[in-house]
Amino acid sequence: AQSVTQPDIHITVSEGASLELRCNYSYGATPYLFWYVQSPGQGLQLLLKYFSGDTLVQGIKGFEAEFKRSQSSFNLRKPSVHWSDAAEYFCAVFLGFQKLVFGTGTRLLVSP
Amino acid sequence: SAVISQKPSRDICQRGTSLTIQCQVDSQVTMMFWYRQQPGQSLTLIATANQGSEATYESGFVIDKFPISRPNLTFSTLTVSNMSPEDSSIYLCSVEQGNTGELFFGEGSRLTVL
């Protein structure tokens, strides 16, 4: 069955340090991939998306993600984390027919 | 990108009552989606609402419990009926940008059932 795995439930990063959030998917074809961020008390905001082409995609707020077909991964990165990046991050896979499957999320904590 | 407004943003309800959540979009959209996010969990699709037809429910969700209206191309409601504490969740409305899976979300309605 199609699934999205975010193996890290919580991650704590020092402000200014680099960040990588992991996402693996299980899907037969090359999917459309997304990263969303949910700040406390807010809805979800799209950070970036991958449909095709260049496997390194740039998003908002200085985030980027790299699609690796061989590893079925779409990890999110940021070179220098800011305190305002503390939030919940969701990876998602579009399966077609209006089916968007979300991972379980990774909560990012930023320490001073 | 679409701007989506949800009301109420939060509510505390008594067991056995029902609550209707409204979702307004600033542009006409074909499909609207209702998601549930239980505490500490990811998002689960409840149903897809098309204008002029009955909503399509995902496995585990039924119309009697979550009736949905879609009277026009910019508005939808989700009712959570006969609530129990297990219905305490954030309910999110969303719309899709093209047929690509890119969704725009409202800020959600945080429901607490006592």
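The values are calculated or read from the model by the stated rules, or taken from the named source; none is laboratory data. Model, not experiment: these values are computed from the prediction. Cβ sites come from the backbone with ideal geometry, for glycine too, and all protein chains shown count toward neighbours. For accessibility, only protein heavy atoms count, side chains too; no ligands or nucleic acids. Shrake-Rupley method; radii C 1.70, N 1.55, O 1.52, S 1.80 Å.
Observations on the model:
- Whole-Hz ³J(HN,Hα) from phi, Karplus 6.51 cos²θ - 1.76 cosθ + 1.60, for region B:83-89, glycine and proline x: 5, 10, x, 5, 7, 4, 6
- Of the solvent-accessible surface of chain A, computed with a 1.4 Å probe over protein heavy atoms with every protein chain present, carbon and sulfur atoms account for 51 percent.
- Take region A:3-111 with all the other protein chains still there, run a 1.4 Å probe, and you get 46 Å² of accessible area per residue.
- Residues of region A:17-43 that lose at least 10 Å² of accessible area (1.4 Å probe, protein heavy atoms only) when the other protein chains are present, relative to their chain alone, are A:Tyr32, A:Phe34, A:Tyr36, A:Gln38, A:Gly41, A:Gln42, A:Gly43.
- Neighbouring partner chain Cβ atoms per residue of A:48-55, average, 10 Å criterion: 1
- 3J(HN,Hα) from dihedral phi, region B:98-104, Karplus parametrisation 6.51/-1.76/1.60, rounded to Hz, x for glycine, proline: x, 9, 10, x, 6, 10, 10
- Between A:Ala92, B:Asn50, B:Val95, the Cα set farthest toward the positive side of the dipole of the protein assembly as shown (charges on each charged residue's Cβ, about the Cα centre) is that of A:Ala92.
- Carbon and sulfur %, accessible surface of region B:1-70 computed with the full protein complex present, 1.4 Å: 45 percent
- Solvent exposure of region B:16-94 as accessible area per residue, Å², 1.4 Å probe: 43 Å²
- Listed residue pairs exceeding 28 Å between alpha carbons, taken from B:Lys7/B:Lys65; A:Lys78/B:Lys7; A:Lys68/B:Lys7: A:Lys78/B:Lys7; A:Lys68/B:Lys7
- Overall dimensions of the protein assembly as shown by Cα: Rg and Dmax, Å: 17.6, 52
- In terms of its Cα atoms, region B:29-104 spans 35, 24, 20 Å along the principal axes, sorted from long to short.
- Kirkwood analysis of the Cα pair distances in region A:1-44 returns a hydrodynamic radius of 13.1 Å.
- Using distinct alpha-carbon pairs, which all enter the 1/r mean, Kirkwood radius of region A:7-112 in Å: 14.0 Å
- Total accessible area lost when A and B pair, probe 1.4 Å, Å² to nearest 100: 1600 Å²
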